[in-house]
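Only one structure is covered here, and it is reproduced in the block below.
Bear in mind these aren't lab numbers, they're just calculated from the coordinates by the rules spelled out. No experiment lies behind these values; they were computed from the predicted model shown. When we count neighbours, we look across all protein chains shown, and the Cβ atoms used for this are built from the backbone with ideal geometry, even at glycine.
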Amino acid sequence: MHKIALIIQREYLTRVRKRSFLLTTFLVPIFFIGMYVGIIFLTKKSFEDTHATVYIVDQQGSIGPLLKSSKNIAYIHSNEDLQAQLSSLSDEDKNTSILIIPEDFLNNPNVEFLASSKPNVNTQNDVRSDLSDIVRDFRYQNLGINIDSINNINTQVNINAKEITPDGETKDSNTEIAMGIALALSILVYISLFLYGSQVMRGIIEEKSNRIIEVIISSVKPFQLMMGKIIGIGLVGLTQFALWAVLSFALAGIASAFFVSKADLEQQVIGSKVQGNNGALLAQSDNAIDSISPETWAMLQSINFTEIIVCFFIFFLGGYLIYSALFAAVGSAVDSETEASQFTMPITMPLLLTYALSFGVLMNDPHGQVATWLSFIPFTSPIAMLVRIPFGVPLWQIIVSASLLIIGFLLTTWIAARIYRVGILMYGKKASYKEIVKWFRYKS
């Protein structure tokens with residue numbers, strides 16, 4: 001154990017002191033926060049760039065005054081001749097168009113939409129929606145239907161989702177939040193297992209190609225060296241996670257305070273929906289931005305974050321140990337990363353398959369047979385179980401899945417160690433699956 005601890009310390013300190021560790025630790029949060037600010041900035045700019053000016057040539061006579069300007073479109077009633085309007089169109093801004101409304105529009109709702117370049121699709125949709133409302137109101141009047149009475153009818157249905165607990169009580173449940181958390185956990189675990197597993201493999205290949213491994217192996221056993229590398233790099237990963245979390249929260253607060261205004265956030269969150277119900281939605285956005293509403297608190301309280309965090313560390317560590325052991329075996333069997341590609345694909349296929357299924361099958365049916373069985377298989381449970389956790393999983397399934405994950409780690413490590421002890425000292429011979437099986441069968 002003492003030698004393993006020394007290897008762990010060596011691996012941890014060596015990688016933490018590397019410039020790449022410092023760069024990724026500090027640049028990754030800055031990148032994501034910058035992306036966050038950039039999304040809001042580009043969203044704001046896109047609204048400005050897509051603002052259209054539409055000149056109305058109303059041959060029918062009564063439609064033009066009914067078209068009201070909005071935040072996306074400025075309607076201008078043109079008194080010029082159509083030909084004069086067309087000749088000046090090329091000199092106008094790129095988002096300027098001409099809407100020609102024919103005389104028989106109310107009976108035959110077809111219009112012409114002219115632009116100097118290809119018209120913006122969103123602008124066309126907004127114009128179509130405005131004209132459709134006018135045609136609908138006209139036909140309601142012909143049928144003797146009171147338009148104001150229809151507009152005052154509220155058909156919105158609010159569903160208060162409740163979840164029945166094993167004790168027979170009910171608690172608030174929010175599927176959208178659970179899906180968002182499940183998606184974030186799936187992406188995070190998938191990327192992390194590949195990232196840190198690959199670091200284990202690259203470190204072994206580097207030391208093997210530099211012949212450093214021959215010096216180290218004279219002092220420690222191959223199994224001790226392999227476990228020291230795996231645990232040391234795993235601790236590096238946990239350190240980065242902790243630093244990323246702290247820096248992300250700090251930078252997010254700074255970015256929200258100094259770079260993102262309240263108006264920009266409203267524009268991103270509300271988007272084009274403001275057009276239909278300005279007052280209510282703007283008031284709702286003010287409340288959401290100034291303070292978190294009781295409904296939001298209730299949604300957040302329905303999620304067991306303690307269980308999610310604990311299970312994340314359990315299944316992330318279990319998955320990391322399994323896949324790092326496999327990556328270590330691959331690294332010991334090859335002399336370069338180019339040769340490693342033929343071995344890494346088969347061992348990562350279960351992880352890739354589960355990641356792909358998490359976006360559809362697992363989130364749509366988290367308690368189905370496919371999701372349940374995938375959460376019990378050690379090679380797929382690190383993603384499958386974490387996707388299911390936000391939706392509520394029985395405690396016995398979590399315990400069984402974690403136990404099978406530990407057993408899978410022990411078995412995988414034993415297999416990887418038998419390959420590692422031989423492959424780490426093999427040079428100049430291209431490994432194959434047949435050769436690796438021979439290494440596994442070698443007696444100590």
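Model label sites at residue 364 and residue 352, defined 7 Å from Cα along the beta-carbon direction, differ in position by 2.3 nm.
For an R0 of 51 angstrom, estimate the FRET efficiency from the Cβ-Cβ distance between residue 433 and residue 122 and round to the nearest 0.05. All intermediate terms of the calculation are to be shown ahead of the outcome.
On the way: r = 54 Å, r/R0 = 1.07.
The calculated FRET efficiency here is 0.40.
Extension gain for residue 79 to residue 250 (0.36 nm times residue separation, less C-alpha to C-alpha distance): 55.9 nm.
Dividing the alpha-carbon Rg of the range 108-150 by 2.2 N^0.38 Å yields what? Don't jump to the answer; show the numbers that get you there.
Numbers: Rg = 13.8 Å, N = 43, 2.2 N^0.38 = 9.2 Å.
Here the Cα radius of gyration is 1.50 times the empirical estimate.
With the highest mean first, a sort of the peptides 214-222, 98-106 on other beta-carbon atoms found within 10 angstrom per residue produces 98-106, 214-222. By the Stokes-Einstein formula, at 0.692 mPa s and 37 °C, the range 318-444 with its Kirkwood radius over alpha-carbon pairs has D equal to 208 µm²/s.
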